Amino acid sequence: MTDQELATPPDSSIDRVDVDLGERAYPIYAGPGMIDRAADFIKMAPDSRVLIVTNTVVAPFYAERLKTALSCVCRADIQVLPDGEAFKQMAALETIHTRLLATGLGRDGMVVALGGGVIGDIAGFAAATYQRGVGFCQVPTTLLAQVDSSVGGKTGVNHPLGKNMVGAFHQPRSVIADLETLDTLPEREYVAGLAEVLKYGLIGDRVFFDWLAASTDALISRDRQTLRKVVKCSCQTKADIVAADEYDTGQRALLNLGHTFGHAIEAQLGYGAWLHGEAVAAGICMAADVSMRLGFLDAHTCSLIERVIDTLGLPTAPPRHIGRRRARDVMARDKKTTGGQLQLIVLRSIGEAAVVPAEDSALEATLARYFD
Ligand code: NAD
Ligand code: GLY
């Protein structure tokens with residue numbers, strides 16, 4: 001299939017956003033029924049092999065359908081992993097590598113991630129490392145994965161000493177987001193994904209944030225047209241940031257609004273007690289609080305942010321029992337620390353974020369407000 005053939009979505013129900021990375025550029029397609037048409041959106045050598053990597057929860061819904069769709073252009077197999085963040089570890093990588101070797105997948109082959117961010121991160125890292133790198137395609141099935149983790153090429157697994165500590169940048173060849181897969185997503189997972197959606201409005205697009213704030217009912221009811229705009233706008237913002245800073249040395253850090261606080265919450269509660277998006281939602285409120293203490297945001301704007309987060313059913317604060325000193329320790333190990341100085345993502349206004357060195361008194365005041 002030529003680039004030109006991939007260039008235009010076949011009908012107007014499908015959106016296309018491009019991640020402009022020169023020779024690693026790729027399209028993101030989003031629309032209904034994409035799984036059954038996946039072969040139209042993946043470039044593959046004829047008769048090459050594909051390994052669909054998925055998990056025990058997603059497989060019964062979508063794995064055979066994806067395999068059938070791809071089988072008209074390639075030889076597709078399915079590798080099913082256990083479900084959950086706890087299995088995002090090196091052992092999963094070995095399982096995939098073994099399967100790739102057993103099926104004889106060569107350098108012209110492709111790994112296809114079918115699932116949420118956990119599967120995308122593991123399968124992407126397996127593709128990055130198998131035979132020093134083979135093709136990779138993302139078929140994200142959670143809201144978080146469709147608006148965030150499937151785009152940008154960050155892949156990896158957790159280490160016992162830290163989350164996402166072992167990985168590689170490995171861009172997919174395409175991202176195929178089937179909006180209909182969101183119908184089967186459990187309520188709590190869906191709502192958690194909305195935190196990352198709000199993040200895009202807050203860091204770079206005031207108009208998008210205001211539209212989200214006015215669309216909470218439609219967001220909660222998963223209105224299809226609303227979700228279409230959500231995925232397209234979110235992917236466009238992420239694609240622009242990734243294109244400007246692929247390797248995360250500058251403005252890509254803005255994507256971590258609320259995440260430094262969120263990681264401290266997740267780490268102390270134990271990963272899985274709160275979903276990532278829930279911790280990020282509370283973390284965004286904490287980031288807004290620091291921004292206010294630094295003189296960027298007024299109290300009214302902080303309340304507006306909290307109100308939207310609350311209306312969507314997300315937490316606006318961490319559980320009270322989290323210890324401040326331990327939270328500080330977790331934050332000190334954050335990847336955004338440079339030269340021993342923690343960097344924080346703050347809001348200068350809704351729609352404009354900045355990376356600033358953590359100023360101790362403002363940070364301490366925020367930690368004292370939210371943690372024990
Ligand atoms: P997840 O992958 O664990 O998926 C959440 C749950 O939903 C799982 O139980 C999954 O099996 C299930 N599921 C997935 N799709 C479904 C569907 N359509 N119907 C029913 N159930 C479905 O969690 P997530 O929130 O998608 O991703 C979180 C992970 O993403 C974390 O490991 C995080 O570190 C990573 N992440 C990576 C990036 C990146 O840039 N690479 C960005 C953000 C987050
Ligand atoms: N989710 C953070 C990033 O992609 O950089």
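Each reported figure results from applying straightforward, stated rules to the coordinates on display, with no laboratory input. It should be emphasised that the depicted structure is a prediction, and the values quoted were computed from it without experimental measurement. Note: ideal-geometry Cβ built from the backbone for every residue, glycine included; neighbour counts use all protein chains shown.
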HIS300-VAL166 pseudo-label distance in nm [points 7 Å out on the Cα-to-Cβ vector]:
5.2
Listed residues ALA38, ALA353, ALA91; largest mean-square fluctuation, Gaussian network over the chain with Cα springs below 10 Å, found at ALA91
Output wanted: per-residue J couplings in Hz (rounded whole) for region 225-238, from phi through Karplus 6.51 cos²θ - 1.76 cosθ + 1.60, θ = phi - 60°, x for Gly and Pro.
5, 5, 5, 4, 5, 4, 5, 5, 5, 5, 5, 5, 5, 5
Starting from the Kirkwood radius over alpha-carbon pairs of region 133-242, derive D by Stokes-Einstein at 10 °C in a medium of 1.306 mPa s and give it in µm² s⁻¹.
107
Degrees between helix 187-204 axis and first principal axis of the chain (Cα, 0 to 90, nearest 10)
70
What is region 232-372's relative contact order, in percent, from Cα pairs under 8 angstrom and six or more apart in sequence?
25
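Per residue of the chain, what 222 nm ellipticity follows from adding -39500 (n - 2.57) for every DSSP H run with n ≥ 4, rounded to the nearest 500?
Details: 13 runs with 159 residues, N = 372.
Theoretical 222 nm ellipticity from helices: -13500 deg cm²/dmol.
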Based on alpha-carbon atoms only, what is the radius of gyration of region 200-249 relative to the globular estimate 2.2 N^0.38 Å?
1.27
Note to self: Kirkwood Rh of the chain, Cα pairs, one decimal, Å, is 20.8
Among LEU367, LEU101, LEU144, what is the fewest-to-most ranking by other Cβ atoms within 10 Å?
LEU101, LEU367, LEU144
Ratio Rg/Rh, restricted to region 10-59 and using Cα atoms, in which Rh is the Kirkwood radius:
1.01
Among ARG293, ARG24, ARG65, which one shows the highest mean-square fluctuation when the chain is modelled as a Gaussian network with alpha-carbon springs under 10 Å?
ARG24
Could you give the angle, 0 to 90 degrees to the nearest 10, between helix 299-311's Cα long axis and the longest principal axis of the Cα atoms of the chain?
40
Could you list which residues have their amide H under 5 Å from that of ILE52, counting only those 5 or more apart in sequence or on another chain, with H placed in the peptide plane?
ASP77, ILE78, GLN79, VAL112
For the chain, set up a Gaussian network in which alpha carbons nearer than 10 Å are linked by springs, and say which option among CYS302, CYS285, CYS72 fluctuates the most.
CYS72
Region 153-189 versus region 75-128: alpha-carbon centroid distance in Å:
12
Based on the Kirkwood radius over alpha-carbon pairs, what is the Stokes-Einstein translational diffusion coefficient of region 76-127 at 25 °C with 0.890 mPa s viscosity, in µm²/s?
218
Using Cα atoms only, what is the angle between the long axis of helix 360-370 and the major principal axis of the chain, expressed in degrees (0 to 90) to the nearest 10?
80
Would you work out the relative contact order for region 235-318, in percent, from Cα pairs under 8 angstrom that are 6 or more residues apart?
25
Region 95-178 - percent relative contact order, Cα under 8 Å, separation 6 or more
29
